[in-house]
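Okay, so here's the structure we're looking at.
Every number here is computed from the coordinates shown, using simple stated rules; none is lab data. From a predicted model like this one, the values you see are computed outputs, not experimental measurements. A quick note on method: Cβ atoms are made from the backbone with ideal geometry, for glycine too, and the neighbour counts reach across all protein chains shown.
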Amino acid sequence: MWELRHRGGGGPGPGGEAASPPREGEAAGGDHETESTSDKETDIDDRYGDLDSRTDSDIPEIPPSLDRTPEILKKALSGLSSRWKNWWIRGILTLTMISLFFLIIYMGSFMLMLLVLSIQVKCFHEIITIGYRVYHSYDLPWFRTLSWYFLLCVNYFFYGETVADYFATFVQREEQLQFLIRYHRFISFALYLAGFCMFVLSLVKKHYRLQFYMFAWTHVTLLITVTQSHLVIQNLFEGMIWFLVPISSVICNDITAYIFGFFFGRTPLIKLSPKKTWEGFIGGFFSTVIFGFIAAYVLSKYQYFVCPVEYRSDVNSFVTECEPSELFQLQSYSLPPFLKAVLRRETVSMYPFQIHSIALSTFASLIGPFGGFFASGFKRAFKIKDFANTIPGHGGIMDRFDCQYLMATFVHVYITSFIRGPNPSKVLQQLLVLQPEQQLNIYKTLKTHLTEKGILQPTLKSLIFPIEDE
């Protein structure tokens, strides 16, 4: 706990205790306040006034998290130094998490989406909890309720957009869903406005600044977690390979940079993360690029990984069946002169996606770590070691996914800039939602266009009655 300095004479008298601020759901004020209520509000104002005027050096240290390492591991590693004990704990838990990740991949794309949603909610909880502890925000009226309410609103908006884009054929069969999809953005905006009005009504005199701190804290957290997790799912719909190669590249970079830094690290890399070294950074870079190139080659062979994830209403499930695009078909490439002499061959066969994997893994190893440095700066600013103690030896979920969110944004931008073309399946889904008259007009327009280009032969009826046919 940390000591609050009371300004002026508004504090409690000797031997007295400060009155508690209003709890969640209590009224923020009224026209008929008693004298005791006024004194109570004065104490609250003094308390939060001090919170508002604090500098970075005044931020209280949050008590260290409890050690959740299983007892069986503690006993097995009791004879090791703390350095090697941490090494083994991190290694064992890393292998466990990777094994579970493989299992979820095997279970299919829908389970991966649920995994992304679960991670998003946990990351949001960890960051918001830090705000609670640092600013003692548990006593702010409605803050906890509003934080989670805004999370639900933003998820409703983003996932509703996804449903409208990828589940159009399913929505077409359900009249209730048609209403929700047609007015989805209006409903989302109305829900957000309700939360906004609730926030304004919860404002308490003389500590508005603290409440706006936490309002901004919530929205920045939503931007980091919800928006990025939505992009992860958008990448997944493009094909599981666009989900797996970037994520596994970041995981590979984390592991190999840690290994190279642990055994060979001598030169500090950045002050924000004193344990990060140039040796680990460089070793992680080369390892990640090689890993990404090999992983792209292996995954490109299977339709399960390369085909876009689509919802099929006839089987009521997600399917990954298609004719692989040129990105995932072997091509012959001429080697540069210096490689011809080394490899003693003129050409090499590989998948075009492997070239893109070099760009993805390069970003994962050179720019991705800056997401981790950003998280380190955040933790230093608030005097905490980890976001939480969810995973022994690793910290919280956010400690493991600080680089993944930055990677997800890059992959989405990369796909939209260099890869994605018109998606016939998505266009067809949108056409099926239209009214029959609109579909017929589009059919006639498309037929006329294809006939003029010579792709379709004009029918005898259209030659005799061109006006009627139109």
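Given R₀ = 30 Å, what would the calculated FRET efficiency be for residue 339 paired with residue 278, taking r from the Cβ atoms and rounding to 0.05? It would help to have the intermediate numbers written out before the result.
Numbers: r = 28 Å, r/R0 = 0.94.
Efficiency, from the Cβ-Cβ distance: 0.60.
Rounded to the nearest 0.05, what FRET efficiency do residue 104 and residue 205 give with R0 = 51 Å and r taken as the Cβ-Cβ distance? Could you check?
On the way: r = 50 Å, r/R0 = 0.97.
After rounding to 0.05, the efficiency reads 0.55.
Once amide H atoms are built 1.01 Å from N in the peptide plane, which residues 5 or more positions from residue 300, or in another chain, come under 5 Å H to H?
Residues meeting the criterion, in which the H sits 1.01 Å from N, do not exist here.
What is the P(r) of region 348-444, as percent of Cα-Cα pairs per 5 Å bin from 0?
Histogram of Cα-Cα distances, whole percents per bin: 2, 10, 13, 13, 11, 10, 9, 9, 8, 7, 4, 3, 1, 0.
For region 206-242 and region 144-163, write down the distance between their C-alpha centroids in whole Å.
Region 206-242 and region 144-163 have Cα centres spaced 10 Å from each other.
When a/c is below 1.5 the answer is rounded, else prolate if a/b is larger than b/c, else oblate, so apply that to region 267-424 with a ≥ b ≥ c taken from the square roots of the Cα gyration tensor eigenvalues. Kindly include the intermediate steps, with their values, before the conclusion.
Numbers: a/c = 2.73, a/b = 1.34, b/c = 2.04.
Oblate, since a/c reaches 1.5 and b/c is not below a/b.
Could you pull out the trypsin sites (Lys or Arg not before Pro) across region 207-277 that fall in loop regions by DSSP (anything but H, G, I, E, B) with no more than 14 other Cβ atoms inside 10 Å? Working shown, then result.
Numbers: sites: 209, 266, 271, 275, 276; in loops: 266, 271.
Counting only loop positions with at most 14 other Cβ atoms within 10 Å, the trypsin sites (Lys or Arg not before Pro) in region 207-277 are 266, 271.
Specify the inter-centroid distance of region 248-327 and region 347-363, based on alpha-carbon positions, in whole Å.
12 Å
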